[in-house]
């Protein structure tokens, strides 16, 4: 396809003044006159620029596609990592819950052991106190009985015997009261 002189002049002028050339397949359709070297040069340089422009656009397109692929792979990796993090977080929460349950069980066991030790200690104190009270009472009674059998003066031993039983009885109640107070205080403290 040949163009007339006015179109030719217009295309050359635009190229000189504004550096704008024709692009695309239309350039393959335009033919220059054999004698018009300037227009032949215009067409060949426009074809070269078009070819170079296409090559650059193709290169940019390839770079964009490669970058998009990298971004997509990165997004998939992020999704996978987020899923792993969610699983790890739920496992950590479960482990924390189990640790708290184990801690509560250990505290409960320790409390039971402490109470058992306290009850055993109280039982031992009560037994020892009763043995001491009974021993003193029996010994004093035997001494009082021997003194009466031998005919000795029993007035001092009798009042001592009477006072001894009063003191032992008072101490026994004091020990039992103290033990009950400690037991009551320890039960209230745990509540």
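Data for the structure
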| item | result |
| --- | --- |
| Whichever residue in region 21-76 is exposed (fewer than 12 other Cβ atoms within 10 Å of the Cβ) and within 18 Å of residue 9 (Cα to Cα) and, among such residues, is nearest to the chain's Cα centre (by Cα) | 26 |
| Qualifying residues in region 39-67 (those that are modelled with pLDDT of 85 or more and touching a helix residue (DSSP H, G or I) at 6+ places or on another chain (Cβ under 8 Å)) - the one nearest to residue 5 (Cα to Cα) | 46 |
| Region 116-134, residues that are more than 19 Å from residue 174 (Cβ to Cβ), surrounded by 11 or more Cβ atoms within 10 Å (Cβ to Cβ) and at pLDDT 80 or above | none |
| Residue check, residue 137 surrounded by 12 or more Cβ atoms within 10 Å (Cβ to Cβ) and either closer than 30 Å to residue 109 by Cα or modelled with pLDDT of 75 or more (or both) | yes |
| Enumeration of residues in region 25-38 that are farther than 15 Å from residue 3 by Cβ and modelled with pLDDT of 80 or more | 37 |
| Extreme residue, farthest from residue 123 (Cα to Cα), among residues of region 145-164 that are at pLDDT 75 or above and surrounded by 14 or more Cβ atoms within 10 Å (Cβ to Cβ) | 147 |
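The values are calculated or read from the model by the stated rules, or taken from the named source; none is laboratory data. What you see is a predicted model; the values in this text were computed from it and never measured. Positions of Cβ are generated from backbone atoms using ideal geometry, with glycine treated the same way; all protein chains shown enter the neighbour counts.
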